[in-house]
Amino acid sequence: MLLGAHVSSAGGYAKARARGEEIGAEVIQGFSQSPRQWKSPEIDLDELRADRELDRNGVVQTFLHATYLINLATGNDELWEKSIACLAQNLLAGTAVGSDGIVLHIGSHLGVGLDQTLKRINEAIARAFDAVEARAGERSCRLLLENAAGAGHTVGRTFEELALVIEASGDDQRLGVCFDTQHAFASGIGFDTRELADATVERFSELIGLERLGLIHLNDSKVPFGANRDRHENLGEGMIGSRALAALLGHPDLDHVPAVLEVPGDGDGPRLSDMVAARAIYAEGLAART
C-alpha cells in the first residue's frame, strides 16, 4: 500500500510534491483551488500538461480534492449550475496535470431524499465530464465520490447510497470511490476488529466493487462511533484507534489502494511523524494477518 498525505498546493503542483517528499509521502492530495471559494484559477492546459512530465521523485501518485462548496444534489438551480461549472474546472485541472483522481463530496439533498435527486446528481456529473473532455480533448481523470460522515442530509453516508449514484450513472467507469475512515466510523460503519473490517470490505465489494476504490483517507476521529460529524484526529489519538485502523489496512484486498492522511498534525496538516505512525499501523495490520 502506498501511503501519503494531504499537502498544500500553494505555488503549484511541483511544490506540493516537494512538500510530500519532505514528510516521506509516496502519494499526495491537494486542492486544485481554495476549498471554500467558488473562484477557480485560470487554467493553462499547456502549463499543467508540462507539469505532469516533471520528475515526481518519491511521489508515485497524486490526487486533487474538489472544493467543499459543490453540491450536485441541490434543488437550487443557481447553486447546481455553479457546482457543475466548478466541478468541471476541478476535473479539467486534474486531467491536465495527470492527477489519479479528483475527490468529491457529492453534497446534500436537503431533506427531499436521494431518490428525488439521483437524476440531478448524475446529469451534473455527466455535464462536467463532457465539458472537460470538450476542452481538454482527452478523457477526464477519475472522479472519486467520497463517503460522507452523515451530517444533515449529505449523500453518500452508506455504501448503498454511493452504489445508487454509480448505478444511476450507467456504471460510468470514470467514477470511483474514496473511502474515508473517519467518515465511515462517524456514519456507523464499523471495522474495529478483524471480523468487522473483513465484513466492511466484503460489503463494499458486493455493493460497489473494489475495482472502483481509488483512494483511502486514513484518519482517526475526534467524535465517537455513529456521531455523524466530520472531525479528524491524528492517528492513534482519536476514538477509532490504531488497532482498528490496522485491522482495516491489513486486509489483503486493499493492498492496491493508496491511502493519504488528512490529519491535523500540529495544526498545519500531516507531519513526518504522522507518516511514521501510518506505516507502523499498516505494518501491524499486515503482521496480524500472517
If the requirement is being aliphatic (A, V, I, L, M), at negative phi, in a helix (DSSP H, G or I) and surrounded by fewer than 20 Cβ atoms within 10 Å (Cβ to Cβ), which of these qualifies: V276, V257, V223? V276
Quickly run through the range 13-54 and pick out the residues that are in contact with an Asp or Glu (Cβ under 7 Å, 6 or more places away or on another chain) and over 23 Å from R139 (Cβ atoms). A14
Being within 28 Å of R243 (Cβ to Cβ) and touching a helix residue (DSSP H, G or I) at 6+ places or on another chain (Cβ under 8 Å) narrows A148, A163, A124 down to just A148
Report whether or not A16 is under 18 Å from the mean Cα position of the chain (by Cα), part of a helix (DSSP H, G or I) and not charged (D, E, K, R). yes
Which listed residue, of A184, A88, A128, A151, is modelled with pLDDT under 95 and either among the small types (G, A, S) or over 17 Å from the mean Cα position of the chain (by Cα) (or both): A151
If you scan the range 49-71, which residues turn out to be surrounded by 21 or more Cβ atoms within 10 Å (Cβ to Cβ) and in contact (Cβ under 8 Å) with a residue 60 or more places away in the chain? F63
Here is a list of conditions, (1) touching a Phe, Trp or Tyr at 6+ places or on another chain (Cβ under 6 Å); (2) more than 21 Å from H217 (Cβ to Cβ), and L45 meets all of them except one; can you say which number that is? (1)
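The values are calculated or read from the model by the stated rules, or taken from the named source; none is laboratory data. Remember, predicted model here, so these are calculated numbers, not experimental data. We place every Cβ from the backbone using ideal geometry, glycine too, and count neighbours over all the protein chains shown.
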